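Structure first, commentary second.
The values are calculated or read from the model by the stated rules, or taken from the named source; none is laboratory data. All values reported here derive from a predicted model rather than from experimental measurement. Here the Cβ positions follow ideal geometry from the backbone for every residue, glycine too, while neighbour counts run over all protein chains shown.
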Amino acid sequence: MKITDILKKEHIIADLAFNDKESVLKEFSDFLEKKGAIKNKEALLAALIEREKLGSTGIGENVAIPHAKLDNIDT
C-alpha cells in the first residue's frame, strides 16, 4: 500500500488557522467532519491527542501527518 492510496488531496489543510498542536488537531478533526470523512470528531480528536503523546507526527518544515487508530469508526 502506498501513502497516496489513503492520503486524499481533499483532506489536506495547507493554511492552518492555529499554531499550537492541540488547536491544530481540533481544526483538523473539525475539517474532516465537515468534509464528511468522519462522523465523530471528538473521538478522532481524543485519539489524535493520545497518538501525539507517543511521539510527534510532525515530519519537519511545519508539515505533519496526524493519524491514530480508532476501534469503532464508521467513516
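Quick notes
- Residue, nearest to Lys69 (Cα to Cα), within segment 35-47, restricted to residues that are in a helix (DSSP H, G or I) and out of contact with any Lys or Arg (no Cβ under 9 Å at 6 or more places or on another chain): Leu44
- Residue ID - modelled with the lowest pLDDT, chosen from residues in segment 12-50 that are touching a helix residue (DSSP H, G or I) at 6+ places or on another chain (Cβ under 9 Å) and polar (S, T, N, Q): Asn40
- Residue among Glu33, Glu10 that alone is charged (D, E, K, R) and touching a residue at least 24 places away in the same chain (Cβ under 8 Å): Glu10
- Each residue in segment 15-29 was checked for being without any contact (Cβ under 8 Å) to a residue 12 or more places away in the chain, closer than 16 Å to Leu48 by Cα and of a type in the set (Gly, Ala, Ser), and 1 of them qualify.
- Residue count for segment 48-72, restricted to those that are in contact with a His (Cβ under 7 Å, 6 or more places away or on another chain) and not in a helix (DSSP H, G or I): 1
- Residue within segment 29-40 that is more than 17 Å from Lys8 (Cα to Cα) and under 11 Å from the mean Cα position of the chain (by Cα) present: no
- In segment 1-18, of all residues being assigned to a loop (DSSP other than H, G, I, E, B) and β-branched (Val, Ile, Thr), the one that is farthest from Lys69 (Cα to Cα) corresponds to Ile13.
- Taken over segment 19-34, the criterion of being part of a helix (DSSP H, G or I), of a type in the set (S, T, N, Q) and surrounded by fewer than 16 Cβ atoms within 10 Å (Cβ to Cβ) is satisfied by Ser23 alone.
- Candidates Lys2, Lys9, Lys69, Lys53: the one that is at pLDDT 95 or above and surrounded by fewer than 10 Cβ atoms within 10 Å (Cβ to Cβ) is Lys53.
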